[in-house]
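What follows is a single structure, written as structure tokens, with notes after it.
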Amino acid sequence: MSDAIDPQKMTVLCGIGEIQFACEAALGCPGFVTSLANLAPELSLELLEAADLGDFTTVRQLITKIGRWYDFIGQCARNRGRDPWVLPGFTAGHIYVGVTKAAMDILGLAGGPVRGPGDDLTAPEQEQLRAILSDIGLMSGPQTAAEVIS
């Protein structure tokens, strides 16, 4: 795709976030679209800089860390079956919106509720997400809603 466009007029980015970018960076892709940067921009930027330097050892380490985020998004999508924001016959899911907003709320950022037809995370999913955020170093430990508010 990049070979088919004029680089002075357009830049082609990886649209599926950090995980796919790790592979596309080796082909010269200059960047990616990400939901994770809403709450952990330092991780996304570190990945971009490591790929730009050709430091694929660091890229691999970051993807291993960030992979928990994407695995969880996939699990939440499977929990719901067909995504209400996606037309029948298409497979892309948008639960990442609910996951991102819940993560922002957990971290004390302004996430807020998901607009319909999407949906928010269930209470058990929110607890799982707290543990994941802690595991990947985005918080010191699982927090309750009361701890975030105080």
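Taking the stretch 53-74, which residues are of a type in the set (S, T, N, Q) and either modelled with pLDDT under 60 or surrounded by 14 or more Cβ atoms within 10 Å (Cβ to Cβ) (or both)? Reasoning before the result, please.
So the first thing to find is which residues in the stretch 53-74 are of a type in the set (S, T, N, Q), and the list is 57-58, 61, 64.
Thr58, Gln61, listed by residue number.
What number of residues within the stretch 11-41 satisfy the criterion of being touching a helix residue (DSSP H, G or I) at 6+ places or on another chain (Cβ under 9 Å), surrounded by fewer than 14 Cβ atoms within 10 Å (Cβ to Cβ) and part of a helix (DSSP H, G or I)?
So the answer is 2.
Would you check which residues across the stretch 91-117 are modelled with pLDDT under 95, more than 18 Å from Asp71 (Cα to Cα) and surrounded by 18 or more Cβ atoms within 10 Å (Cβ to Cβ) and list them?
Result: Gly111, Val114.
Exactly one condition in (1) in contact with a helix residue (DSSP H, G or I) (Cβ under 8 Å, 6 or more places away or on another chain); (2) acidic (Asp, Glu); (3) part of a loop (DSSP other than H, G, I, E, B) is not met by Asp6; state its number.
Of everything listed in (1) in contact with a helix residue (DSSP H, G or I) (Cβ under 8 Å, 6 or more places away or on another chain); (2) acidic (Asp, Glu); (3) part of a loop (DSSP other than H, G, I, E, B), Asp6 misses just condition (1).
The values are calculated or read from the model by the stated rules, or taken from the named source; none is laboratory data. Treat the numbers as computed from the prediction; the structure is a model and nothing was measured. Glycine gets a Cβ as well: all are built from the backbone with ideal geometry, and neighbour counts include every protein chain shown.
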